[in-house]
Every structure is written in C-alpha cells, then in structure tokens.
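Here is the structure we will look at.
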Amino acid sequence: MVVDKNEIDSPTHKVDCFKNGIALEIEWNNKDPFFDRDLNNFRLLFDLRAISVGIIITRCDELQSIFDDLGRGKSYGPSTTHMSKLLPRVEGGGGAGCPILTFGISSKLYLEDM
C-alpha cells in the first residue's frame, strides 16, 4: 500500500482464485476461523480497491449425513467450514463494505458411484 509516496507492507492471505477484481475462496474442510480470515482479507482488499467482490464456496450442513453414511463423518465435524458457520459471520458484517457472494454445495449435487 502506498500513501504519500510511502510504501507500507500490508500482508494479506493469498486468495485461492482472483480474476478481474473478483476474489474466490473455497473452504471445504478447514476449521471455521478460516472464514474470519477470508472475510477480513476481502474487507482489506476491497478497501484497497484491489477487488470488487468476494466469493466463498463451501458445503451445506446437510452434506454431513452423506459423510456419515460414507464412514467419513468424523473428518467433517461441526467445527469445520460449512454454511451455518459462514452465514452468521457474513450477516454480522464480517466482510465490512465488501460485497460477499456465498455458494453452498448441497446434497442435490451428490451422485453416488454406480
């Protein structure tokens, strides 16, 4: 960041995907504080006019039953990233002025191997 010809380091988390002012994060099975990091990063990058929107893709809570059926439920527990952990943060203003778009991958997209 440069202010009055003075350069100031302002470290941010590297965004998963970036193109044309759009920042995209994919949070599949991290601990839920990663959402705070992503939203704060979107806020900072938006304030610096580096992005115009932040997008987060994660899983819907309903996928837990599929993971349980597959015997993988313990790997995808309640403290990992999913929509019910993200939405309160977004609705609470976690991205500040940055427009945030969220996508939740639901069980409708699951196809069992045949």
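Some notes on this structure:
- Hits among lysines - C-alpha to C-alpha of Lys74 under 26 Å, sequence gap 8 or more where chains match: Lys31, Lys85, Lys108
- Only DSSP H runs of four or more residues enter the estimate; each adds -39500 (n - 2.57), and after division by the residues of the chain the mean residue ellipticity at 222 nm equals -8000 deg cm²/dmol.
- Cut-off 10 Å between beta-carbons: net charge of the residues surrounding Ile66, Lys and Arg +1, Asp and Glu -1: -2
- Note on Asp47 and Asp4: the extension gain reaches 13.8 nm, defined as 0.36 nm multiplied by sequence separation minus the Cα-Cα distance.
- Relative to the current alpha-carbon distance between Leu101 and Lys31, full extension at 0.36 nm per residue lengthens the span by 23.2 nm.
- Among Asp38, Asp61, a tally of other beta-carbon atoms within 10 Å of each Cβ gives an order, fewest to most, of Asp61, Asp38.
- Ascending count of other beta-carbon atoms within 10 Å, so fewest first, for Cys17, Cys60, Cys98: Cys17, Cys60, Cys98
- For the range 1-67, trypsin sites (Lys or Arg not before Pro) are listed when DSSP marks them as loop and at most 13 other Cβ atoms sit within 10 Å of their Cβ; the list is Lys5, Lys14, Arg49.
The numbers here are math on the coordinates, done by the rules we state, and not lab data. Computed from a predicted structure; not experimentally measured. Positions of Cβ are generated from backbone atoms using ideal geometry, with glycine treated the same way; all protein chains shown enter the neighbour counts.
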